[in-house]
Amino acid sequence: MIRPGDLYRAALAVTDPVTIPIGNARLAARAKADPQAVRDRRAAALTRGIEWFKQQRMIEVSGLMLLQATYEAGLDNRLSFIEDAIARYRAENPGFRERLFDPSFAYDPTQDPYGLRYRDENSWQVFEHPLDTIMRRCLYSDRLGLGAEFLEELKSLEDGGGYGTTHAIVGGRLLLRFSNIEAGAIRAVMQETAPRIAAANRGARHGDLFAERILVLQWLGRDDLIDPVWIERMTVAQLDDGGWGGKPLLRGPVANQHTTAIAVTVLAQDLTGRIVPEPDRVAEPAPYPQVQGASA
């Protein structure tokens, strides 16, 4: 059965190659005419995005991870509420994801190295896509005893600049923190994705993946591959409520926590001229011993 939303997105795939370059040219001309207005617009969007998050009772885990890193990097002190948000999340959603916030979190992944028990398409924290499995293995790479050979598994995510490619960067940053793999080898895998990520964003409309590509290019220090108009396109896509939508919908975009957290981080990095640094390594000796009474 073909859904109206699918037809709408199929139509956009036909029209976007024409309309997006025209729109980008207009945005670029406006930015060139008044650079201060661009900065003011981005600063205002960042403020509204942060305020939007303050209204959310529960923030999903990727949003928490991004906002905590942005706050701890000193990019915006208005994100101080994130520590309470993390405590609330952990109290109501105990489980393996808690290691993102507590590296010593007592959890033994060796009995279920691929996280099969967490596959539940009906959960609000979906754990179905192969990305989820590989990200979990990155998070527990030290305890699973994963070595340099695991980098081939990370590289297998490559999908021409899609979510797989961007998550090679996300996973790489997890490995830099939680693995015993040589850091230079991890960075090499991450850096080789940059040209494909940039190529995929040229001529694309704003959405979750569009913003995520900007974010990971910032993390890689590849500002030379980021067209400034991309950040402007993302900025003007902010919704009236202060959030950002994840994908085009026939009824109009709806604010999405993941997309909004990405946008907030991109803007904070852009406005400060700094990036969230690579995480400090906290990897434990591998493999992990069995933990008595570990949380699941």
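Can you name the residue in segment 68-108 that is open to solvent by 50 Å² or more (accessible area, probe 1.4 Å) and in a loop (DSSP other than H, G, I, E, B) and is also nearest to Phe178 (Cα to Cα) among such residues? Here the residue is Ser104. Determine, yes or no, whether Leu174 is within 19 Å of Val276 (Cβ to Cβ) and either touching a helix residue (DSSP H, G or I) at 6+ places or on another chain (Cβ under 6 Å) or not in a helix (DSSP H, G or I) (or both). In short, yes. Quick check on my filter: what residues within segment 93-104 are modelled with pLDDT of 95 or more and of a type in the set (A, V, I, L, M, F, W, C)? Hits for segment 93-104 are Leu100, Phe101.
In the list Arg90, Arg78, Arg39, which residue meets the criterion of being touching an Asp or Glu at 6+ places or on another chain (Cβ under 7 Å) and at pLDDT 95 or above? Before you say what the answer is, go through the steps one by one.
Details: Arg78 fails: touching an Asp or Glu at 6+ places or on another chain (Cβ under 7 Å); Arg39 fails: touching an Asp or Glu at 6+ places or on another chain (Cβ under 7 Å).
Unique residue meeting the criteria: Arg90.
Cβ separations smaller than 7 Å between residues 6+ apart or across chains give the following pairs from segment 69-96 residues that are among the small types (Gly, Ala, Ser) to residues that are in a helix (DSSP H, G or I) and surrounded by 15 or more Cβ atoms within 10 Å (Cβ to Cβ): Ser80/Tyr71; Ala85/Leu64.
In the set Glu128, Glu153, only one residue is open to solvent by 30 Å² or more (accessible area, probe 1.4 Å), part of a helix (DSSP H, G or I) and either at pLDDT below 95 or not small (Gly, Ala, Ser) (or both); that residue is Glu153. Applying the condition of being loosely packed, with under 15 Cβ neighbours inside 10 Å and of a type outside the set (Val, Ile, Thr) to segment 249-278 and asking which residue is modelled with the lowest pLDDT yields Leu250. The residue list Glu72, Glu92 contains one member that is of a type in the set (Asp, Glu), under 18 Å from Val276 (Cα atoms) and out of contact with any strand residue (DSSP E or B) (no Cβ under 7 Å at 6 or more places or on another chain), which is Glu72.
Listed by first and then second residue, the pairs with beta-carbon distance under 6 Å, at least 6 apart or on different chains, first residue in segment 185-212 and at positive phi, second open to solvent by less than 20 Å² (accessible area, probe 1.4 Å), are Gly203/Ile20.
Residues that are farther than 21 Å from Thr133 by Cβ, open to solvent by less than 10 Å² (accessible area, probe 1.4 Å) and modelled with pLDDT of 95 or more do not occur anywhere in segment 167-184.
Output the residues belonging to segment 135-150 that are surrounded by 15 or more Cβ atoms within 10 Å (Cβ to Cβ) and of a type outside the set (S, T, N, Q).
Start the filter on segment 135-150 by keeping residues that are surrounded by 15 or more Cβ atoms within 10 Å (Cβ to Cβ), which leaves 135-146, 150.
If the condition is that a residue be surrounded by 15 or more Cβ atoms within 10 Å (Cβ to Cβ) and of a type outside the set (S, T, N, Q), then Met135, Arg136, Arg137, Cys138, Leu139, Tyr140, Asp142, Arg143, Leu144, Gly145, Leu146, Phe150 are the ones that fit.
The test for being small (Gly, Ala, Ser), out of contact with any Ser or Thr (no Cβ under 6 Å at 6 or more places or on another chain) and open to solvent by 10 Å² or more (accessible area, probe 1.4 Å) does not hold for Gly246.
Within segment 198-206, identify whether any single residue is touching a Ser or Thr at 6+ places or on another chain (Cβ under 7 Å), part of a helix (DSSP H, G or I) and not basic (Lys, Arg), and answer yes or no. No, there is no match, as no residue in segment 198-206 is touching a Ser or Thr at 6+ places or on another chain (Cβ under 7 Å), part of a helix (DSSP H, G or I) and not basic (Lys, Arg).
The values are calculated or read from the model by the stated rules, or taken from the named source; none is laboratory data. Predicted model only: the values in this text are computed from it and were never measured. All Cβ positions, even for glycine, are placed from backbone atoms using ideal geometry, and neighbour counts span all protein chains on display. Note: areas computed on protein heavy atoms with side chains; ligands, DNA, RNA excluded. Shrake-Rupley method; radii C 1.70, N 1.55, O 1.52, S 1.80 Å.
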